[in-house]
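See below for the structure under consideration.
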Amino acid sequence: MMQQSSPGALAGLRVIDLTQMLAGPFCTQILADHGADVIKVEAMTGDGTRLTAPFCEDDTLREYGGYFQSVNRNKRSIAVDLKTVEGLALARKLIDGADIVVENFRAGVMERLGLGWERLRERNPRLVYGTVRGFGDPRSGASPYADWPAYDVVAQAMGGMTGITGPDHQTPMKIGPGVGDTIPALMLCIGILSAVHRVKETGKGQFVDVAMTDAVLAMCERIVYQTSYTGVVPGPEGNRHPLLCPFGLFRARDGYVSIAVANDPLWEKLAAAIGHPELGTDPAFSTNAARVANMQQVIDLLEDFTSGRTKEQIAAVLGGKVPFGPVCTSAEIFADPHYAVRQMLVDVEQPGSAQRVKIAGVPIKLSDTPGAVRRRAPMLGEHTDEVLRAAGYSGDDIDDLRAVGAIR
């Protein structure tokens, strides 16, 4: 069931959300999870991810699938044609009354619409304007790739993440989830809230710019200092760590487990747990430098222990003693009591379907003003009339806007 809780730490903030796809919506969803009133301003045909599978088999509406549901909960939706004079005027009026506006169009689109930062701040000096693009906004540094479109995999590739991920040194590989979008989204959220805090002191909003590639590189900070300090260009390391040992994934009888030994006392505990206490003081293995130098021997020793045991059996030996965890499938996550007690699998309504569906919960836990999944993702234009009435439009005004095709 959906969570019931306080209004959230960000209650009272109003966000005009002009984003689509993943990076922008993920950012604004975090704000919505924590109580901000996020008004998703969509094109008349809606965010393109509404059409993206999967759908429930019995869904008679096909209003949206799992992708859209997962990153647009807690928001309200209005459908506006920004190519009409009336639609643009409506957008400006909503932004005039907002604390934050967020967009992820290519550079220049908002300016061509007359909704650029410089014009908007003249009307609303306290406005915080957040943007996330593949290579950033020219205001913060004009990238030679500023006009290139970008998605998750491009940001992963050019930000350095793909180049250090893969089964061997010759084979780069993308990360499974869309971290080229979600990491920039998190960075943008931090930037927006920093600017909102500053408004309290100065009364002036700011332009907040995150390049997807920059955010990914920031998460891959290790490759920067490694190259700078040593002159060595890091490559894919497989399931190992180049500087720590053992630190990675190891075969089990029914899958894989993770083991992370970041210091020598932990190594002594691990050695004892797997039945080889003598390895804790053996000069060939007793220090991290020695283990890194003899990495394959360490891996072989550990996999002698892990490969003949199930993940559950290994957990019984190592769990709570050294940093350890099984590699979990989604089915195992659904069955794990940790995620139940932490409210990380939340049931929501799926319009058009008789069944409720699960989406990921809110990972940030605040003691007094917790965030929550309060409602499902909105249907296209579900709140148009509600939002416009609150903005001062009469019923006749709304009818007129609908008649000229400015709203849905």
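FYI, it's all coordinate maths here, none of it is from the lab. Since this is a predicted model, take the numbers as computed values, not measurements. Heads up, the Cβs are rebuilt from the backbone with ideal geometry, glycines too, and the neighbour counts pull from every protein chain shown.
Can you list the residues, at least 5 places off or on another chain, whose amide H is less than 5 Å from the amide H of K40, using H built in the peptide plane?
D17, R76, S77, I78
Given H placed on each backbone N at 1.01 Å, which residues far from V208 in sequence or on other chains put an amide H within less than 5 Å of it?
Y129, G130, T131
Residue by residue through region 389-397, which ³J(HN,Hα) values in whole Hz follow from phi under the Karplus form 6.51 cos²θ - 1.76 cosθ + 1.60 (θ = phi - 60°), with glycine and proline marked x?
Those phi angles translate into 4, 5, 8, x, 7, 7, x, 5, 4 Hz.
Pull out the extension gain between R112 and R198, defined as 0.36 nm times the separation in residues minus the alpha carbon to alpha carbon distance; nm, one decimal.
The R112-R198 span can extend by a further 28.1 nm.
From the square roots a ≥ b ≥ c of the eigenvalues of the alpha-carbon gyration tensor of region 247-328, which class results: rounded (a/c under 1.5), prolate (a/b over b/c), or oblate?
The shape class here is prolate.
Using the Karplus equation 6.51 cos²θ - 1.76 cosθ + 1.60 (θ = phi - 60°), what ³J(HN,Hα) coupling, rounded to whole Hz, does each residue of region 133-138 give in order, writing x for Gly and Pro?
9, x, 10, x, 9, x
About the Cα centre of region 84-158, how large is the charge dipole given +1 on each Lys and Arg Cβ and -1 on each Asp and Glu Cβ? Please answer in debye to the nearest 20.
Numbers: 10 positive and 10 negative charges, 35 e Å.
That gives a dipole near 160 debye.
May I ask for the angle, rounded to the nearest 10°, between helix 295-306 and the longest principal axis of the chain, with both axes built from Cα atoms and the value confined to 0 to 90°?
90
If a/c stays under 1.5 just call it rounded; otherwise compare a/b with b/c (prolate if a/b is bigger, oblate if not). Do that for region 215-287, with a ≥ b ≥ c from the square roots of the Cα gyration tensor eigenvalues.
oblate
To test your reading of the geometry: what angle, between 0 and 90 degrees and rounded to tens, separates the Cα axis of helix 221-230 from the longest principal axis of the chain?
50
Between E303 and R389, what is the FRET efficiency for a Förster distance of 60 Å, r being their Cβ-Cβ separation, to the nearest 0.05?
It comes to 0.40.
Once you have all Cα-Cα distances for region 10-121, histogram them in 10 Å bins from zero and send the whole-percent values.
Result returned by the calculation: 14, 45, 32, 8, 1.
In whole Hz, what ³J(HN,Hα) sequence does region 349-358 give by Karplus (6.51, -1.76, 1.60; θ = phi - 60°), x for Gly and Pro?
Going residue by residue, I get 5, 10, x, x, 10, 7, 9, 8, 10, 9 Hz, with x marking Gly and Pro.
Charges only on Cβ, +1 for Lys and Arg, -1 for Asp and Glu: so what's the dipole of region 294-408 about the Cα centre, in debye to the nearest 20?
That gives a dipole near 320 debye.
Between helix 85-96 and the chain, what is the angle of the helix's C-alpha long axis to the longest principal axis, kept within 0 to 90° and rounded to the nearest 10?
Result, in degrees: 60.
Placing +1 on the Cβ of each Lys and Arg and -1 on the Cβ of each Asp and Glu in region 53-155, which of A150, Y67, F105 has its Cα farthest towards the positive end of the resulting dipole?
Ranked along the dipole, the leading option is F105.
Please get the size of the charge dipole for the chain, origin at its Cα centre, with Cβ charges of +1 on Lys and Arg and -1 on Asp and Glu, quoted in debye to the nearest 20. Intermediate results must be reported in sequence, preceding the final value.
Details: 41 positive and 48 negative charges, 113 e Å.
About 540 debye.
Among V80, V341, V261, which one shows the highest mean-square fluctuation when the chain is modelled as a Gaussian network with alpha-carbon springs under 10 Å?
The residue with the greatest mean-square fluctuation here is V341.
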